[in-house]
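The values are calculated or read from the model by the stated rules, or taken from the named source; none is laboratory data. Because the structure is a prediction, the values reported are computed rather than measured. All Cβ positions, glycine included, derive from the backbone under ideal geometry; neighbour counts span all protein chains shown. These area figures cover heavy atoms from the full protein model, side chains too; ligands, DNA and RNA do not enter into them. Shrake-Rupley method; radii C 1.70, N 1.55, O 1.52, S 1.80 Å.
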Amino acid sequence: MRISLLLLFFIIRFTAFATNGVNKDPRRAAEIREELWARATDNFRVTEIPQKWEDESAVIIAKSNRLSYKKEAIVAFLYHDRYIHYRVKLLTQKAIEAYSEFSVPGTGSYRNLEYKYYAGFKVIKADGTERIISLDQMIKEKAEVNNSRLDTYKIAIPDLEVGDIVDYYIAEEQTINIAGTNFYTFDPIIFELSDDYPIMKQEIAFDVLRRCYINLKSLNGAPSFQLVSDEDADINRYVLVDEDRERLKNIRWMHNYREIPTVKFKVTYASKRAAGSIHAFLGTPGLLKSSVSESEITEFIKFLSNSMDYVISGERFLFTKAMKQYKKESNKEKLARIAFYNLRYFYHVNSKEYDMLNGKGYNNQSAGFQFIDILSKYYRSRGISHDLIIGIPKDISSLDDLILENELKYALRVNEGQKPTYISYFDANAFYGELDKDLQGTTVYVLNKSSSSYEWVLKKEEMPIDSYKTNQTKNWLNYSIDVAEGSLQLKAKKSITGEGQTYFQRYLTDFYTYKKEEFDKYRSEEEDFPDSKKKAKERYLKRRVEVLKEREKRFEENLKYIVGQDLSVEIDELSDFKVEQTGRFDDQPEFTFSYKADFKGPLKKVGGNYLLEIGQLIDGQIELSEEEQEREYNIYMPYARSFVYEVKVKVPDGYTVQGLEKLNLDVSNETGGFRSEAFLEEGHIKVLCKKHYASNYEPKENWDLMKAFLNAADEFSNKQVLLKKQ
Amino acid sequence: MLINLRCYLSVLVCYALNTRQVLTVFMLLTGFLFSYGQKVKEEHLAAAEELKEMFEDSEVALLTNESTYYFRFDEKKQQTKVFSKERKEYLGLQFNSSFVERNYFHQNLKISSYSLKNYRGKTIPHDEFCGHYTRNGIFHSDAEVCAYHFSFPSKGGYRVFETSKTFLDPKYLTTLYFHSNVPAASRKMVFRIPEWMDVELLEMNFEGYDINKKLDVVDKETVVTFTIENIEAFPDESNLPGISHFLPHVIVLTKGYEHDGIYTDVLSNTNSLYQWYKSLVDQTSSNPLVIQPKVEELVKGLTSDEQKMKAIYYWVQENIKYIAFEEGLAAFKPEDAHRVLENKYGDCKGMANLTKDMLKMAGLDARLSWIGTNQLAYTYDIPSLAVDNHMICSVNLDGRYIHLDATEKNHPFDEYAERLQGKQVLIENGDSYLVKEIPETPIDRYLHKTNVTFSLGDGTLQAEAIETLNGELKKGFIDAYQSITPDRKRLFFKSIASGDLKTEAIALTNQPELTKENPLTLEYTLAMNDQLNSFGEETYVTLDYKKELANYQVPSDRKHPLNFAYKMNHQFNGTLPVPSHMEIIHLPDPVAIASEHFEFTLKYELENNAIRYQRELKVLDTYLPVEKFSEWNAALDLVQEFYDDQLILRTSK
């Protein structure tokens, strides 16, 4: 449902309509109505719902998604139709709210595409009477962006009451003029078989005709598609029939595409001649393709790699030139590392200040396959043994369920030195020796890229999972107490290794954070903007002053928000933010920063004493709700991780501390752990806390084990100590 | 926004509530209109520096913002029109800034021209969106906007936007604000009023603003000029009352005009406003054949007027879905009652009209009424379309007027939504009209009361509680309850009861029912671990697990008034018998503060060897003006201190 709506958005986004209206062609409108309503299957004639769903807000009695893809012989037109049909019983006023207003895009055309929209709405009352809603009442919502029309049409459904059934369809018929090209790729679609309301019966059908290729897979227990051929009509219809689906729920640590029954597919049109040269895992026209062979993947990688040679790349040119100075370097492991950092410099640093000051903003996008390709080809030229890792992100699919080329994600592995080293991130903060969190624990294909392409063979391998120690966040939190004000002064240092860095680097760093360390390493000229004329240089320098001034304020504001959220307090003042180490090199992997913050909240005056909510002095802990106590699905977390806190609180003069012994907690098992200990040392309360999640995945059977340490951490967060007046 | 106004009659103030929507559209565009290498004039740069000092959070400011309004008689159409000219000089206050200028129009306000130029007078490239715009809760409105997205080359970058517009009917020119979406170094508003034109300019909320007013006579026209310097942007703070309450603005009262010796009334007084409204209402028709059967069905067997009123009102509330239309005269003219009944949807006017027709058929003296919700600061002595934004039905019951707003889905009969209380209502009365006031609901009707009996067990604080909720607080829970899935319904009640506690601490002992007429009653037991702490012989106890209004202080940098969604009356009464082996060594000091806006009383007392805890927090008014912030915060600080403090008991030796 979500993806299909995205598709609709996509259409609205990229289309502009020359004419307007819904059901503009009355003859076709009547045909569609006849087909979807008069000749509806029995599923769309049901009025009763199962007793088990009587308390639901609404129940989808029947739902159908019919798609067709066809190419007429001779003419250069491609036809893509989509018919969405729902029959929904409304059981509450809220459901009436949800189904009483509809919006349909207007018929029109844009470039080589022509769209026609048809819709029908009818209401079936409790006594069985049916009323078709006239579309004459549709209201046009005008919208025009830069002279392109994006109008939509709205309708309010009259006379809706609890117990009514709304039966509606929205059909989109697209004609695509493909003159001058011999292939066309439709956007991939993922259907989750669960919806916001329970579903009694649903059907997804595809008609695939003449030279259309369809890649499709049912996942996570979704029923398979059955072929229903109609040779007379030259139709291959694939139909999935499903029933009795419970409502979709929102669950912590969940990958829907790995647990919820799902169907993914993509359709491609290619002429006979074009089909051989397209690298998109095409099967046989008109027949479903549900698996991808290893040789297809190898061919695809060859194609990708070869095509990169035709792309003009300034980065490649500068990188190749720069690496000439390492001609004599014989340590291959060292060379592999040097090459990575040099290439990162040319992609993300070298000329990026121009871009920034020309208004393109701070862009730290991952460089993608081209980066891998340049690096890999360089490695091969220098005899550096390495593999290409080809996998699918763990939240999308398992490798066996691969059907689309755009599901793939790539990494490199250098097999020099004592142990293999992964390179899987290609942004400005990526460093040598990181394994993509999305591929950890998944089965991937490994391809020896040191060899010639004709020797390439895929091997399957299981990717390792980072230790929780790799993804570690360490906190040194020094508090002092202002008794008179009832406030706390925090002097903090945070040091993050691994995946946790991304979030903080995103909000607390930019180009200027690492400019100096990069220029010191990779740039010889001292001069700013050497390629610019005097006036342009002056302008750049002025803008730089502005940018530098603004960013400091922005970072402190961001950090103030982050710290406030983490500690669940309102920060009164935050100052002295400083990045101590950028965490962008494998020999200095910690991203470390420090700051000072003042706030109130955890200190409560009780009589003449103070209660300090000491559990609130570290980051907020997960509080599992009552309904999370039972777990129905496996547990998918982003990565294994750990958190270390060293808290020091100066005991105010004239006070003693009681209750520290309650802070000693220790729960540890195979899924993770929480440990805390507290003691007094030289006039300070010292608390040491460690929390770790051992893996990025746990089977649902381990939920009780996870709960044990999560609850211990939550218990800690509620702990208080007494500062007793002497 | 705490208040979600669901029914508007008109879109007259084009206040930029729609920024996000327009920006989203522009974000869809792939091109970015950055102008490289354009020069900046020294004087603009200097002005930008100065403005940045003054308005440090702003990326863009107005150097000047002038609008002039001309009243002219259209001989051809034989009617008066108002022409407006706006000229806005924008400056970029920092590198890489951009802005979206919005130019609003509707059926009675047309854009004649616009231009967007740089300081050399050359048109600059920009993205343009034109179309209807939607606001929360409005299904369709004929209000349209053209929005132009442009960027500034660098600090001091200059863009001038000019537009000419025409009000086809002068009564649609209503309120004009000095504020804009960005701060302005200079804001000027000019009215050129011919001597044949009867126009009054009402100066609203000018106090506290240094607005200069100048009167001239030029070519038989009175020229009224208002100027103000260094004015901030429209506020974007949360929980703001309607801006008409506190921002300076001018209400343009176009009373009438004289042409060829004949005086034509536009809106000269409340009666002419009423007569115009009435002329629209008179255009509606009624089909008793559609309505009568439903009325008969609803009132069958009912004898008293109140029963009939209630039956019909509740039916409309529950069965007519609110869908708002604001198109042309439809923004002011109610839909025919029978059409609303057939459609089972309508806007506030349609629902009021249906309620009225049904009640009349049931033999009651029901009338249509116009009202401005508490978003508007006006009363009916101002004859302007800006004065109201809502329609309800009023019933004359032997001289007492009962007002029925069927758009308030979960409101009980004869109680009034917060947004209507204290507001004037203009009631139809044949050829004349009545102005009445919606009564304020007494604070007792907002009562949220929690009675708890505590006991100290082994390391836990246990309790039995009865909690009742009334008023708008309960109404909000009815709304929320209707949105949740069936498996979460019981947990929903527990989460209301739990306050600061985890829901696991609560065990419900009754089956709570949410109805509009009865209070919501929750009965439950509690077992709380985190509410007490033992340190040696001493035990620290917190009885209050609700702590309403904790951390409700107004931030010190807030500049504009605060609006509460509704009045509040939270009471908490607890009793804890002191265990025989313990003695009390500390009770928090009582707090008692009262002002015209609030009353807070919190105290612990020892009675018959039991601790009695009593807490009453009353917020008597939804509008908290800026000058009361310090008083409010000081009171809340005391409440917070009281909450932070705890009982201390000691094990007797």
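Restricting to the stretch B:161-190, and then to whatever is open to solvent by less than 10 Å² (accessible area, probe 1.4 Å) and of a type in the set (A, V, I, L, M), can you tell me which residue is farthest from B:H560 (Cα to Cα)? Top of the filtered list is B:L173. Whenever a residue of the stretch A:22-35 is at pLDDT below 95, its partners that are assigned to a helix (DSSP H, G or I) and open to solvent by 70 Å² or more (accessible area, probe 1.4 Å), lying with C-beta atoms within less than 9 angstrom and at least six residues away or across chains, give the pairs A:N23/A:R33. Taking the stretch A:142-212 as the region of interest, none of the strands (runs of 3 or more DSSP E) fully inside it holds 2 or more residues being within 12 Å of chain B (Cβ to nearest Cβ), at positive phi and open to solvent by less than 10 Å² (accessible area, probe 1.4 Å). Scanning the stretch B:67-89 for residues that are open to solvent by 70 Å² or more (accessible area, probe 1.4 Å) and part of a strand (DSSP E or B) turns up B:R72, B:F83, B:K85, B:R87.
Scanning the stretch B:415-429 finds no residues that are within 14 Å of chain A (Cβ to nearest Cβ), out of contact with any strand residue (DSSP E or B) (no Cβ under 8 Å at 6 or more places or on another chain) and in contact (Cβ under 8 Å) with a residue 60 or more places away in the chain.
Just one residue in the set A:E682, A:E627, A:E701, A:E623 is surrounded by fewer than 16 Cβ atoms within 10 Å (Cβ to Cβ), within 14 Å of another protein chain (Cβ to nearest Cβ) and out of contact with any Leu (no Cβ under 8 Å at 6 or more places or on another chain); that residue is A:E623. Residues in the stretch B:477-489 that are more than 10 Å from every other protein chain (Cβ to nearest Cβ) and either without any contact (Cβ under 8 Å) to a residue 24 or more places away in the chain or open to solvent by 40 Å² or more (accessible area, probe 1.4 Å) (or both): B:F477, B:A480.
From the list B:P588, B:P555, the one residue that fits, being within 14 Å of chain A (Cβ to nearest Cβ), buried (at least 16 other Cβ atoms within 10 Å of the Cβ) and part of a loop (DSSP other than H, G, I, E, B), is B:P588. Residues in the stretch B:499-537 that are at the interface with chain A (Cβ under 10 Å from one of its Cβ atoms), among the polar types (S, T, N, Q) and closer than 27 Å to A:S57 by Cβ: B:T503 only.
Of the strands (runs of 3 or more DSSP E) lying entirely inside the stretch A:634-726, those containing at least 2 residues that are among the basic types (K, R) are A:641-650, A:684-693, A:721-725. Comparison of A:T671, A:T656 shows that the only residue that is open to solvent by less than 10 Å² (accessible area, probe 1.4 Å) and over 18 Å from A:W476 (Cα atoms) is A:T671.
Checking each residue in the stretch B:269-314 for being in contact with a Pro (Cβ under 6 Å, 6 or more places away or on another chain), in a helix (DSSP H, G or I) and open to solvent by 30 Å² or more (accessible area, probe 1.4 Å) picks out no residue at all. Scanning for something of a type in the set (A, V, I, L, M, F, W, C) and either touching a helix residue (DSSP H, G or I) at 6+ places or on another chain (Cβ under 7 Å) or part of a loop (DSSP other than H, G, I, E, B) (or both), does the stretch A:512-525 turn up at least one residue? Within the stretch A:512-525, none of the residues are of a type in the set (A, V, I, L, M, F, W, C) and either touching a helix residue (DSSP H, G or I) at 6+ places or on another chain (Cβ under 7 Å) or part of a loop (DSSP other than H, G, I, E, B) (or both). Only one of the listed residues (A:K533, A:K521) is of a type outside the set (A, V, I, L, M, F, W, C) and without any contact (Cβ under 8 Å) to a residue 24 or more places away in the chain. That residue is A:K533. For the stretch B:603-645, give me each residue that is open to solvent by 20 Å² or more (accessible area, probe 1.4 Å), in a helix (DSSP H, G or I) and within 14 Å of another protein chain (Cβ to nearest Cβ). Scanning the stretch B:603-645 gives B:N633, B:D637, B:L638, B:Q640, B:E641, B:D644.
When the residues of the stretch A:359-386 are filtered to those that are within 14 Å of chain B (Cβ to nearest Cβ) and either open to solvent by 30 Å² or more (accessible area, probe 1.4 Å) or more than 30 Å from the chain's Cα centre (by Cα) (or both), the one that is nearest to A:K321 (Cα to Cα) is A:N363.
Is one or more of the residues making up the stretch B:90-97 of a type outside the set (K, R), open to solvent by less than 50 Å² (accessible area, probe 1.4 Å), in a strand (DSSP E or B) and more than 30 Å from A:N358 (Cβ to Cβ)? The answer is no; no qualifying residue exists. Remark: pairs (first residue in the stretch B:245-272, in contact (Cβ under 8 Å) with a residue 40 or more places away in the chain and over 27 Å from B:K559 (Cα atoms); second residue part of a helix (DSSP H, G or I) and basic (K, R); Cβ separation under 9 Å; 6+ apart in sequence or on different chains) = B:T254/B:K171; B:V266/B:K171; B:L267/B:K171. Hey, among the residues in the stretch A:432-448 that are over 8 Å from A:G391 (Cβ atoms) and aliphatic (A, V, I, L, M), which one's nearest to the chain's Cα centre (by Cα)? If we take residues in the stretch A:432-448 being over 8 Å from A:G391 (Cβ atoms) and aliphatic (A, V, I, L, M), then A:L435 is nearest to the chain's Cα centre (by Cα).
Specify the residue that is farthest from A:W37 (Cα to Cα); the eligible residues are those in the stretch A:111-125 that are in contact with an Asp or Glu (Cβ under 8 Å, 6 or more places away or on another chain) and away from every other protein chain (no Cβ under 14 Å). Within the stretch A:111-125, the match that is farthest from A:W37 (Cα to Cα) is A:Y115. Where strands (runs of 3 or more DSSP E) sit wholly within the stretch A:62-110, those with at least 3 residues that are within 14 Å of chain B (Cβ to nearest Cβ) and modelled with pLDDT of 90 or more occupy A:101-105. You will find that of A:D355, A:D387, A:D309, the residue that is at pLDDT 95 or above and acidic (D, E) is A:D387 and no other. Under 9 Å by Cβ, and 6 or more places apart or on different chains, what pairs join a residue from the stretch A:58-77 that is among the basic types (K, R) with one that is open to solvent by less than 10 Å² (accessible area, probe 1.4 Å) and not in a strand (DSSP E or B)? Between residues of the stretch A:58-77 that are among the basic types (K, R) and residues that are open to solvent by less than 10 Å² (accessible area, probe 1.4 Å) and not in a strand (DSSP E or B), the close pairs are A:K63/A:D195; A:K71/A:I178. The residues on offer are B:F598, B:F629, and the sole one that is closer than 29 Å to B:T468 by Cβ and in contact (Cβ under 8 Å) with a residue 24 or more places away in the chain is B:F598. Residue check: B:L469 meets all listed conditions (1) among the hydrophobic types (A, V, I, L, M, F, W, C); (2) over 30 Å from B:M582 (Cβ atoms); (3) surrounded by fewer than 21 Cβ atoms within 10 Å (Cβ to Cβ) but one, namely (3). Can you pull out the residues in the stretch A:460-473 that are surrounded by 17 or more Cβ atoms within 10 Å (Cβ to Cβ) and part of a strand (DSSP E or B)? Matches in the stretch A:460-473: A:Q472, A:T473.
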